[in-house]
1. Name the single residue, out of those in the stretch 404-420 being within 7 Å of the ligand (Cβ to nearest atom) and outside any loop (DSSP other than H, G, I, E, B), that is farthest from G390 (Cα to Cα).
2. Within the stretch 511-547, how many residues are more than 23 Å from Q453 (Cβ to Cβ) and crowded, with 23+ Cβ neighbours inside 10 Å?
3. Could you pull out the residue among A673, A610 that is closer than 21 Å to A190 by Cβ, surrounded by fewer than 17 Cβ atoms within 10 Å (Cβ to Cβ) and aliphatic (A, V, I, L, M)?
4. If you check G540 against the conditions, is it within 11 Å of the ligand (Cβ to nearest atom) and either within 24 Å of G409 (Cβ to Cβ) or not charged (D, E, K, R) (or both)?
5. Within the stretch 555-564, take every residue that is surrounded by 22 or more Cβ atoms within 10 Å (Cβ to Cβ) and assigned to a strand (DSSP E or B) and give me the one that is nearest to the ligand (Cβ to nearest atom).
6. Could you pull out the residue among A567, A504 that is touching a residue at least 40 places away in the same chain (Cβ under 8 Å), crowded, with 21+ Cβ neighbours inside 10 Å and in a loop (DSSP other than H, G, I, E, B)?
7. Among the numbered criteria (1) without any contact (Cβ under 8 Å) to a residue 60 or more places away in the chain; (2) in contact with a helix residue (DSSP H, G or I) (Cβ under 8 Å, 6 or more places away or on another chain), which one does V481 miss?
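What follows is calculated from the coordinates using simple rules that are stated; it is not laboratory data. These numbers come from a predicted model, not from an experiment. Please note: Cβ atoms are built from the backbone with ideal geometry, for glycine as well, and neighbour counts cover all protein chains shown.
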Amino acid sequence: MSQDANGSTTTAAPGSDGAGNGDALENLLHENRKFAPTPEFAANAVVGAEVYEEANADRPAFWAKQARELLSWDTDFTEALDWSDPPFAKWFVGGQVNAAYNALDRHVENGLGDRVAIHFEGEPGDTRSYTYAQLTDEVKKAANAFESLGVAKGDRVAVYLPMIPEAVITMLACARIGAVHSVVFGGFSADALRSRIDDAEAKLVVTADGTYRRGKPSPLKPAVDQALSREGHSVRNVVVVKRNGEPVDWHEGRDHWWEDTVGAASGEHTAVGHDAEHPLFILYTSGTTGKPKGILHTTGGYLTQTAYTHKAVFDLHPETDVFWCTADVGWVTGHSYVAYAPLVNGATQVMYEGTPDSPHQGRWWEIVEKYKVSILYTAPTAIRTFMKWGREIPGKYDLSSIRVLGSVGEPINPEAWMWYRDVIGANAGKNGEKKDHPAPIVDTWWQTETGAQMIAPLPGVTATKPGSAQVALPGIAIDVVDEAGESVPDGHGGYLVVREPWPAMLRGIWGDPERFKDTYWSRFEGMYFAGDGAKKDEDGDIWLLGRVDDVMNISGHRLSTTEIESALVSHPWVAEAAVVGASDETTGQAVVAFVILRGDAVNDGDATVAELRNHVGKEIGPIAKPKHILVVPELPKTRSGKIMRRLLKDVAEGREPGDATTLSDPTIMAQIAQSLKK
Ligand code: 6R9
């Protein structure tokens with residue numbers, strides 16, 4: 001396993017020294033700076049060190065206690081965990097609970113109706129704040145409106161919305177009636193949207209005319225129209241939020257403006273409890289094959305672990321904190337730590353629609369200053385971008401309100417970690433004052449599949465270490481194992497696994513139980529295989545080393561090499577394609593594609609490359625567009641026909657290709673090098 005100085009990783013098997021740059025990793029693992037919590041922070045922290053012991057004593061009992069403390073149940077559960085049919089877990093058996101009631105109504109009933117739930121900041125500068133009472137009202141109306149459009153418990157609803165409050169309102173309205181939402185990231189194409197609509201057989205689509213991107217209107221509704229232009233789909237109605245006011249095509253009978261349906265609906269709606277194992281949502285994520293997996297989450301366990309981790313890992317004090325998770329609701333982080341946990345915990349949060357550089361590169365810091373954000377949760381790729389823009393920019397703002405910083409999505413390199421701490425966490429005002437005790441950083445490892453955070457320091461307990469996610473959360477059984485599934489000793493690397501079921505675990509892949517077993521439970525007997533390489537350092541702390549499969553991590557977003565290869569070969573000019581994730585200073589990894597053109601295709605250089613990039617954008621979405629496309633005469637293959645991506649990665653990262661002796665034709669690397677010189 002190799003890792004460059006930026007913390008971005010290769011996909012070579014752990015233990016092997018794939019690309020030959022293991023030195024940086026060795027340096028990383030000798031990182032010995034540690035930052036212990038201050039006594040003040042520890043004294044005021046919502047959880048202390050005793051939670052580990054308590055959870056170890058009886059894991060299901062620990063989670064049962066959290067479930068009862070953090071949620072209001074309509075019917076109490078009779079059993080914490082039913083693991084009689086692994087890998088299919090049932091948590092909080094017999095319990096009935098309503099997610100929307102827990103996120104909304106109960107806070108109003110408890111006298112918190114006037115607390116702000118969401119401060120929304122639109123990209124053009126428009127703002128809206130919703131109190132818990134107002135948000136409850138909106139969700140009740142949306143629930144009534146969706147029901148009047150024929151949506152009932154168990155039906156699927158596709159959500160294709162920008163980062164606006166209506167996204168959260170829609171998700172909670174679905175949860176309220178027991179409909180299953182499937183949020184499709186607004187950056188995905190019409191084709192990607194259609195395949196997700198088809199897979200889940202969604203009845204309703206909720207979308208917007210569009211959003212704003214870098215000061216310009218950016219459309220969404222046309223992609224929905226295009227997705228539904230081909231017959232044979234399950235969608236009966238489309239609800240459209242008016243956001244940017246751009247003209248849209250209209251399908252009478254099918255399309256309804258949000259303001260006419262939700263706006264006109266009654267604000268009376270009683271939430272009833274749903275079974276703890278009732279499906280809450282499906283979220284598609286890239287796997288190692290071309291077809292995205294519909295990851296299924298259910299209600300009781302998911303809510304318990306998202307709420308618990310949000311409280312414990314961010315040291316949440318809901319009466320005073322202002323939480324801001326910068327993730328889009330199209331990703332799991334935006335589900336767990338925007339739509340659900342902050343609201344279930346009764347917190348006040350910020351939601352921002354746009355890009356960090358619109359209209360200027362200080363936009364995020366302006367927002368932190370304006371709302372006095374105290375907990376900021378973002379991704380290493382964003383931190384590295386801010387590093388590139390320079391510390392002077394955040395230095396112009398008063399960020400002294402920040403007291404906890406979170407990181408998620410990919411390994412955070414120690415350099416970025418230290419910058420985050422020093423420039424954001426230590427900022428004590430716009431005149432360059434520094435705090436004596438910078439805000440603690442919590443690096444949180446988890447996945448769409450795990451539903452909630454799994455490995456992270458606790459800010460009032462753990463002495464944090466730059467670059468390491470460190471320790472399993474209480475009640476979570478993480479291990480690093482070798483090829484044979486044996487636990488590795490400290491100081492060694494291997495594969496990251498989860499040894500015991502956890503409340504927010506995925507309950508399956510929508511419509512494909514076999515793929516669920518094959519993908520996660522067949523590699524190691526009785527363990528969940530996460531697909532990540534990891535290492536335990538001498539203290540037993542865990543360092544995440546990136547994917548060990550063909551999944552890339554671009555700016556914290558998962559993309560599969562196979563999916564992009566399929567998109568490329570669907571273009572009439574392309575005969576064959578191989579895609580690798582090459583280390584990139586800002587985005588962690590960047591997509592680099594090698595293509596062989598068909599005999600009748602003309603290679604027009606840049607024009608050909610531009611056409612192919614746009615084609616991938618159209619098939620999957622702009623985030624999947626390769627950064628570089630290299631036209632080559634051949635691809636390196638083993639005698640059994642497997643593409644040797646390791647060698648292509650060497651080329652993409654500008655190294656001499658490694659051992660090529662197992663190639664069916666050992667001269668191919670030379671041919672590729674020759675063709676790239678031209
Ligand atoms: C939450 C989320 C999951 C993959 C995961 C891993 C990588 C996430 C990380 C991290 C190192 C962290 N990942 N958090 N790697 N340190 N703190 O990102 O979910 O989009 O499903 O991606 O992201 O490789 O397997 P998802």
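1. Restricting to residues being within 7 Å of the ligand (Cβ to nearest atom) and outside any loop (DSSP other than H, G, I, E, B), the top hit is V408.
2. Total meeting the criteria: 0.
3. Working: A673 fails: closer than 21 Å to A190 by Cβ.
Criteria check complete, one pass: A610.
4. Numbers: within 11 Å of the ligand (Cβ to nearest atom): no; either within 24 Å of G409 (Cβ to Cβ) or not charged (D, E, K, R) (or both): yes.
The answer is no for G540.
5. If we filter the stretch 555-564 for residues that are surrounded by 22 or more Cβ atoms within 10 Å (Cβ to Cβ), which is where we start, we get 557, 559-561, 563-564.
In the following step, the residues that additionally are assigned to a strand (DSSP E or B) were identified as 557, 559-560.
Details: H557: 6, L559: 10, S560: 12 Å.
Filtering the stretch 555-564 for residues that are surrounded by 22 or more Cβ atoms within 10 Å (Cβ to Cβ) and assigned to a strand (DSSP E or B), the one nearest to the ligand (Cβ to nearest atom) comes out as H557.
6. After ruling out the rest, the residue left standing is A504.
7. (2)
Residue-wise test of (1) within 13 Å of the ligand (Cβ to nearest atom); (2) in contact with a strand residue (DSSP E or B) (Cβ under 7 Å, 6 or more places away or on another chain); (3) in a loop (DSSP other than H, G, I, E, B).
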residue: T450; (1), (2), (3): yes, no, yes
residue: T462; (1), (2), (3): no, yes, yes
residue: E483; (1), (2), (3): no, no, yes
residue: G533; (1), (2), (3): yes, yes, no
